[in-house]
Amino acid sequence: MEKGVGWFSENFSKIEKFRRENPFWRRNVLIFETGQNIKLSEFLRSVAELGYTKVWETERRGEFSQRGGVVHIFPINSENIFAVEFGGNFLAEIWQSEPFSEREGVGAPRVREGGLRPSETEMASLFHQGDYIVHIDHGIGVYRGLTQTTTQNDADIVIEYAPPRDRPNSPDLLFVPKKEAKRIQPYLGFKKPEIHRLGTPLWALTKKKAKEDIIAYAKELLKIFAERKMAARKPYEANKELEDELIADFPYEHTSGQKGALEEIFSNMTHQGPMDRVLTGDVGFGKTEIALTAAFRAVLNGRQVAIMAPTTILADQHSEVFKKRLEKYGVETARLTRLESPAEIRKILEGIKSGRIDIVIGTHKILSASGWKNLGLLVIDEEQKFGVAQKEKFKKQNPALDILTLSATPIPRTLHIALSGIKQISSIETPPEGRMEIKTYVLPKNKKIMKEAINFELARGGQIYFLANRIHKIPALLEEIKYLKTSAKISVLHGRMPEARIIKTMRDFRAGKIDILVSTTIIENGLDLSNVNTLIVEDSTKLGLSQAHQLRGRIGRGEKEAFAYFLFTAQKLKEKAAERLEALERYSWLGAGLEIAKRDLEIRGAGNILGRAQSGVAFRVGLNLYFELLEEAISEARGFDKKT
């Protein structure tokens, strides 16, 4: 940097020579050219290893950003930003670019919601080469860019379909005029779709069968909805004074999203029909607090509450929080997990039958509890961790039971709209006041980085999650950390430890007796510790997007800036692992960048809501078209019901 930009230009031929002859220059200089055989993931890794910083918008020297197959990079030896485009496994083109903020029409990425469609001029930027797209009349194909014309204003959109059997290298092509762009939408699905030839009746048959299945599903939904409405129970009355006091006890001001969700839940509770509401919200957005307030109203109305958590650790945390917040109001809470002795379980079950216990918090162990005196509300945390049958067991025993499901997996707004009035869905979309973006780094594993990250966190009195992907890797990782000589107090946490020891370790960590917790992914669900603001993942190639997102959500819960380091071993990286890493790189942003990550997570969310059979239907036509057909089918079924 101290040499100045001009020096690099003047001495370029010397640098090339030094690079061939000198290991130092080989390590510290990268030269890229058009046509070079290099994968996008390899390019990103090389640039990161050289010390360049990945950002959302490339504005300064030493920064790079990525949008699909195009990387914008500001070399330290240049006055200009360059765009580098990849085509498969080679570097297709390099051109001089403008700063991100000056590029025409550029803003944070947007996920289109509801019935909004892109304008014709936006179509080219909405899709990338190789994306699966759906043409309403011709079915699922592969986007192959635009035809080349003088101005590109009158270019056609090119969609590739399957080739004939006798000409496997000559696929069918569909040329769609830009004015017909409204007939195309992105394919969102649960796995890679099947591509058929043009001009066959297969797509029409697929659409017809999907519509029949969706109509049957819509009728089934309306039938369940009607049955739930018939199962009346006494409405819950508000106790404004005590409820307001509980809300005021919460150390943070409720966000607008929390207030809206609570209003919707309370509105359900004041009606006679039982509630079956899904509450979604990103990790750390305050879903538990809303559930706690709803549970308090239920108890004030003489009803009992069951809260199901996916792990013993989370059940223990909820138990501590509920007890601390509610005991001054005389609310009796109990924890029901594998940690309780047979004698304690007997006592809890007696308390459930007599009505002495108001709120029971536990794992699937709660399913074995029977004879509730007056169970009114069931709260399920992270529903996808439980089977549908487990939830239905409670419904069968008590058809008038109110059910509130919490989920950190977002649900697409289009599905939300299609199901409005049938499935009750609330969403908390506003982060807590003062919540800062988590600084996320995807870097090659390096002892220096690990030591600096640990020392920085310890120096500000914080704590660290250090993630090992496999239990058998923990001893070696412990040795690595000890070798760094950080003077940190270290402890271990994994699922094969006795449950009592797991809980003791977590409580010691919460009390600040441990500085670094070396753990497996057991920590990914719902733990809320505001003093833990650094996460180091030893091998991020083993993580999927949603898991990485959940893990990152364990930090940044307080007022300090949080840092997540997703590390990988640079040597001998297998192709599949490189692809996973590339995906993690692409989606390693919070805030605006999270909108891109949400697309993948929303597909999971849709699958959770729809169930296995309907997920199969959605896969055949793509989620976007599925949601449109579902909304149509529900409207028609409702109209038919009114007429009959």
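Observations, loosely collected:
- As a summary of the residue check, PRO498 satisfies the conditions (1) modelled with pLDDT of 85 or more; (2) out of contact with any Phe, Trp or Tyr (no Cβ under 8 Å at 6 or more places or on another chain); (3) buried (at least 16 other Cβ atoms within 10 Å of the Cβ) except for the one numbered (3).
- Of all residues making up segment 509-523, the number that are of a type outside the set (A, V, I, L, M, F, W, C) and either touching a Pro at 6+ places or on another chain (Cβ under 8 Å) or assigned to a loop (DSSP other than H, G, I, E, B) (or both): 4
- Residue check for LYS229: closer than 30 Å to ILE290 by Cβ, of a type in the set (Lys, Arg), within 27 Å of the chain's Cα centre (by Cα) and surrounded by 12 or more Cβ atoms within 10 Å (Cβ to Cβ): no
- Qualifying residues in segment 85-108 (those that are aliphatic (A, V, I, L, M) and at pLDDT 75 or above) - the one surrounded by the most Cβ atoms within 10 Å (Cβ to Cβ): LEU91
- Scanning segment 185-197 for residues that are crowded, with 18+ Cβ neighbours inside 10 Å and modelled with pLDDT of 90 or more yields one hit, HIS196.
- Selection within segment 501-518: residues that are closer than 20 Å to LEU339 by Cα and of a type outside the set (A, V, I, L, M). The member of this set that is surrounded by the fewest Cβ atoms within 10 Å (Cβ to Cβ) is ARG501.
- Meets criteria (within 16 Å of TYR565 (Cβ to Cβ), part of a loop (DSSP other than H, G, I, E, B) and not β-branched (Val, Ile, Thr)) for ALA488: yes
- Only listed residue being under 36 Å from the mean Cα position of the chain (by Cα) and under 18 Å from LEU404 (Cβ atoms), chosen from ILE313, ILE380: ILE380
- The residues of segment 348-368 that are more than 22 Å from ARG297 (Cβ to Cβ) and either in contact with a Leu (Cβ under 6 Å, 6 or more places away or on another chain) or buried (at least 21 other Cβ atoms within 10 Å of the Cβ) (or both), listed by number, are ILE348, THR363, LYS365.
- All positions within segment 33-75 that are touching a residue at least 60 places away in the same chain (Cβ under 8 Å) and hydroxyl-bearing (Ser, Thr, Tyr): THR34, SER41
- From GLY273, GLY189, residue being among the small types (Gly, Ala, Ser) and within 30 Å of the chain's Cα centre (by Cα): GLY189
- The residues in segment 322-337 that are in contact (Cβ under 8 Å) with a residue 40 or more places away in the chain and under 19 Å from ILE522 (Cβ atoms) can be counted, and the count is 1.
- Scanning segment 424-463 for residues that are in a helix (DSSP H, G or I), in contact with a helix residue (DSSP H, G or I) (Cβ under 9 Å, 6 or more places away or on another chain) and buried (at least 19 other Cβ atoms within 10 Å of the Cβ) yields MET450, ILE454.
- Screening the candidates SER65, SER78, SER41 for the property of being assigned to a strand (DSSP E or B), modelled with pLDDT of 75 or more and outside the structural domain of PHE127 (by TED's automatic domain parsing) yields one hit, SER65.
The values are calculated or read from the model by the stated rules, or taken from the named source; none is laboratory data. All figures in this text were calculated on a predicted structure; none of them were measured in a lab. All Cβ positions, even for glycine, are placed from backbone atoms using ideal geometry, and neighbour counts span all protein chains on display.
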